[in-house]
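**Student:** Structure incoming, see below.
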Amino acid sequence: MNKNLAEELMPQATIVADIFHVMKQVNDELDAARRKIKREAEQLNLTVY
């Protein structure tokens with residue numbers, strides 16, 4: 001649910017983030033960065049492990 005919508009519909013509610021979804025977002029961003037670096041290295045014919 002959109003944070004602004006939640007605040008509008010439930011003004012007394014406390015907005016929280018659970019650790020599962022926070023860590024999922026962190027891992028998704030890290031994986032995207034890793035893939036980008038790997039693609040760039042492959043274009044330069046470098047080996048990345």
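A quick yes/no check of all residues on (1) surrounded by fewer than 10 Cβ atoms within 10 Å (Cβ to Cβ); (2) touching a strand residue (DSSP E or B) at 6+ places or on another chain (Cβ under 9 Å); (3) without any contact (Cβ under 8 Å) to a residue 24 or more places away in the chain; (4) not hydrophobic (A, V, I, L, M, F, W, C):
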position: Asn2; (1), (2), (3), (4): yes, no, yes, yes
position: Glu7; (1), (2), (3), (4): no, no, yes, yes
position: Ala13; (1), (2), (3), (4): yes, no, yes, no
position: Val22; (1), (2), (3), (4): no, no, yes, no
position: Gln25; (1), (2), (3), (4): no, no, yes, yes
position: Leu30; (1), (2), (3), (4): no, no, yes, no
position: Arg34; (1), (2), (3), (4): no, no, yes, yes
position: Ala41; (1), (2), (3), (4): no, no, yes, no
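**Student:** Any idea which of (1) modelled with pLDDT of 90 or more; (2) surrounded by 10 or more Cβ atoms within 10 Å (Cβ to Cβ); (3) hydrophobic (A, V, I, L, M, F, W, C) is the one Val48 doesn't satisfy?
**Tutor:** It fails just one condition, (1).
**Student:** If we scan the range 18-38, do we find a residue that is at pLDDT 85 or above, within 14 Å of the chain's Cα centre (by Cα), in a loop (DSSP other than H, G, I, E, B) and not polar (S, T, N, Q)?
**Tutor:** yes
The values are calculated or read from the model by the stated rules, or taken from the named source; none is laboratory data. This structure is a prediction, so every number in the text was calculated from the model and none was measured. Virtual Cβ from ideal backbone geometry, glycine too; neighbours counted across all protein chains shown.
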